[in-house]
């Protein structure tokens with residue numbers, strides 16, 4: 001038995017680590033599903049953009065399967081899709097992912113979750129990452145999602161990406177203050 | 001329509017308060033970047049229990065040896081940093097991605113934003129990555145990073161540290177942290193290090209000098225184990 005290693009801030013220089021990774025490509029030609037662009041900006045408690053954040057996402061494939069050994073349906077997961085995406089915010093606080101809309105994943109109560117993407121936010125000034133979820137603004141099943149139902153109604157909109165059309169979604173993340181994004185303890 | 005199978009893998013234990021640092025007024029940049037609303041507690045689902053798997057095929061031996069990534073050796077004190085990635089019940093975490101980034105021996109990052117008046121080293125990029133073996137072991141060869149000043153307060157200097165990024169087996173095990181070196185005189189003065197308020201917990205961030213890891217006539221060895229969240233004993237039966 002030993003204790004969990006504490007988190008420390010990602011700091012301002014993680015870009016040199018990311019640049020050594022393979023390019024972040026979630027899609028290839030063979031990926032199944034509706035191509036979508038998820039983009040947004042990060043803001044601090046004064047409404048200033050955050051140009052030095054690490055945004056990571058994790059999502060299921062178009063059929064709601066995870067390419068991960070603990071998903072019982074792992075064998076059926078799309079081999080041409082990578083559910084892990086990462087981005088360094090730009091000078092305007094912006095990030096962008098080109099991905100597919102995930103399918104519905106099973107819920108612990110036996111039902112189905114609404115399509116969603118898990119989001120982690122790290123940055124200089126953030127000592128331990130914050131996690132949230134992105135839901136899709138044009139998705140009727142949001143109304144029956146058990147996780148979303150735990151969020152106070154007046155704050156739920158902060159988790160719902162606005163759709164310009166069925167392929168382009170905007171998801172701004174507000175770390176603090178008016179319109180503060182809901183973050184989770186999970 | 002596909003109807004995905006309900007979650008059956010064991011859940012992750014919740015993290016006790018006091019492990020991961022909260023907002024810290026002494027670390028000024030936290031002031032506007034931490035939420036003021038309470039976190040909303042939610043159950044774990046298959047989405048949180050599964051997690052990223054990095055495409056490992058592109059990682060080679062040079063990726064974990066930061067002293068051999070350029071034409072010549074970098075300046076500074078060569079060191080070995082080795083340890084294991086475990087969960088809180090002591091189980092090794094094999095085949096997981098461990099990445100590091102750090103300043104060079106003079107205390108300067110090879111990053112455009114770093115304006116510290118210290119020389120860059122053309123033979124040092126300061127980044128590495130590796131995959132843990134079947135016993136959860138990782139190993140890097142690098143240069144001991146220098147101390148450097150930062151703008152947090154008057155005469156502020158960071159203790160020497162190496163940034164670590166670990167994926168672990170699931171979304172909930174994701175960890176980004178910093179490894180420190182034993183006996184650093186800047187420990188009492190650093191708000192980031194001291195953001196972990198319990199001294200025993202804070203000590204988990206400090207590596208140990210290890211003579212058995214040290215290679216004669218070549219490099220000192222430092223040992224540092226990384227401990228991730230562990231699992232509940234019994235699976236959730238839906």
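The values are calculated or read from the model by the stated rules, or taken from the named source; none is laboratory data. Quick caveat: nothing in here was measured; it's all calculated off a predicted structure. Ideal geometry is used to build each Cβ from the backbone, glycine not excepted, and the neighbour counts take in all protein chains shown.
So the values come out like this:
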{"read-out": "Test for residue A:118: is it under 17 Å from the mean Cα position of the chain (by Cα) and under 28 Å from residue A:45 (Cα atoms)", "value": "yes"}
{"read-out": "Search result, residues across the stretch B:204-224 that are surrounded by 15 or more Cβ atoms within 10 Å (Cβ to Cβ) and within 18 Å of the chain's Cα centre (by Cα)", "value": "B:204, B:205, B:206, B:207, B:221, B:222, B:223, B:224"}
{"read-out": "Qualifying residue in the stretch A:65-79 (condition: in contact with a helix residue (DSSP H, G or I) (Cβ under 8 Å, 6 or more places away or on another chain), on the phi < 0 side of the Ramachandran plot, surrounded by fewer than 19 Cβ atoms within 10 Å (Cβ to Cβ) and within 11 Å of chain B (Cβ to nearest Cβ))", "value": "yes"}
{"read-out": "Selected residue (criterion: modelled with the lowest pLDDT) from residues of the stretch A:5-44 that are surrounded by fewer than 22 Cβ atoms within 10 Å (Cβ to Cβ), within 7 Å of chain B (Cβ to nearest Cβ) and assigned to a loop (DSSP other than H, G, I, E, B)", "value": "A:22"}
{"read-out": "All positions within the stretch A:132-159 that are in a helix (DSSP H, G or I) and crowded, with 21+ Cβ neighbours inside 10 Å", "value": "A:147, A:148, A:159"}
{"read-out": "The stretch A:160-186, residues that are part of a strand (DSSP E or B), within 14 Å of residue A:131 (Cα to Cα) and over 13 Å from the mean Cα position of the chain (by Cα)", "value": "A:174, A:185"}
{"read-out": "In the stretch B:69-101, the residues that are facing chain A (nearest Cβ under 9 Å) and either in a loop (DSSP other than H, G, I, E, B) or in contact with a helix residue (DSSP H, G or I) (Cβ under 6 Å, 6 or more places away or on another chain) (or both)", "value": "B:88, B:89, B:90, B:99, B:101"}
{"read-out": "Index of the failed condition, residue A:67 passing every other in (1) free of Cβ contacts under 8 Å to residues at least 40 places away in the same chain; (2) not in a loop (DSSP other than H, G, I, E, B)", "value": "(2)"}
{"read-out": "Enumeration of residues in the stretch A:80-96 that are more than 9 Å from every other protein chain (Cβ to nearest Cβ), under 26 Å from residue A:51 (Cβ atoms) and assigned to a loop (DSSP other than H, G, I, E, B)", "value": "A:89, A:90, A:91, A:92, A:93"}
{"read-out": "Candidates B:176, B:141, B:227, B:196, filtered to the one that is closer than 21 Å to residue B:86 by Cα, buried (at least 22 other Cβ atoms within 10 Å of the Cβ) and either more than 9 Å from chain A (Cβ to nearest Cβ) or out of contact with any strand residue (DSSP E or B) (no Cβ under 6 Å at 6 or more places or on another chain) (or both)", "value": "B:196"}
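Condition check ((1) over 21 Å from residue B:171 (Cβ atoms); (2) within 13 Å of another protein chain (Cβ to nearest Cβ)) across all residues:
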residue	(1), (2)
A:119	no, yes
A:135	no, yes
A:154	yes, yes
A:157	yes, no
A:170	yes, no
